[in-house]
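To start, the structure under review is shown below, and the notes come after it.
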Amino acid sequence: MKVFVYGTLREGEANAVFLKGAVKLGKERLAEGYMLYSLGTYPGAITLPDGGPLWGEVYRINACILRALDWLEDYPVEYDRVEISTSYGKAWIYLYNPSVSDLPVIESGDWCQRID
């Protein structure tokens, strides 16, 4: 199975250690339809009909890593896990559940290009 990550799980970011043992397949740009928000020390993405692209990475993972990611992302409370299409095939993505009404938008759609 695969997972698309767009925030602190990306290579070089704070939670990348959770993907130890995973195989990085490569960088990925998801097509239009996403909005990325800053929650301070980590991001949350949602789907939005008039949203833009979302940048991240795709990894091949096992069931043990998926369970650890579910725990980290507080699935299904804070984040929902849904299947999407990537250039590497189907992959899971964690989408933010709570309201984003007062959160700052990361216009680029790229957590690694944010301006703190």
Which of 84, 53, 26 sits farthest toward the positive end of the charge dipole of segment 2-85, with +1 on the Cβ of Lys and Arg and -1 on the Cβ of Asp and Glu? 26
Suppose every K and R has +1 on its Cβ and every D and E has -1 on its Cβ; what is the size of the dipole of the chain about the Cα centre, in Debye to the nearest 20? 600
Of the residues 72, 19, 36, which exhibits the maximal mean-square fluctuation in a Gaussian network model of the chain defined by a 10 Å Cα contact cut-off? 72
With springs only between Cα atoms under 10 Å, which of 56, 21, 40 fluctuates most in a Gaussian network model of the chain? 40
Of the peptides 91-97, 76-82, 59-65, how do they stack up when ordered by the mean number of other Cβ atoms within 10 Å, highest first? 91-97, 59-65, 76-82
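Compute the normalised compactness of the chain: alpha-carbon radius of gyration over 2.2 N^0.38 Å, N being the residue count. Walk me through the numbers before you get to the answer.
Numbers: Rg = 13.0 Å, N = 116, 2.2 N^0.38 = 13.4 Å.
Rounded to two decimals, the normalised Rg is 0.97.
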Nearest-0.05 FRET efficiency for residue 105 and residue 20 at R0 = 22 Å, using Cβ-Cβ distance, is 0.10
Once both axes come from the Cα atoms, what is the angle between helix 63-72 and the longest principal axis of the chain, in degrees from 0 to 90, rounded to 10? 30
Heavy-atom accessible area order for 35, 1, largest first, 1.4 Å probe: 1, 35
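Hey, any idea what % of the chain's accessible area is carbon plus sulfur with a 1.4 Å probe?
Values: 3340 of 6280 Å².
The value for the chain is 53 percent carbon and sulfur by accessible area.
The values are calculated or read from the model by the stated rules, or taken from the named source; none is laboratory data. These numbers were taken from a predicted model, which means no experiment stands behind them. Quick reminder, even Gly has a Cβ in these numbers, built from the backbone with ideal geometry, and neighbours come from all protein chains shown. Note: accessible area is taken over every heavy atom of the protein model, side chains too, but ligands, DNA and RNA are not part of it. Shrake-Rupley method; radii C 1.70, N 1.55, O 1.52, S 1.80 Å.
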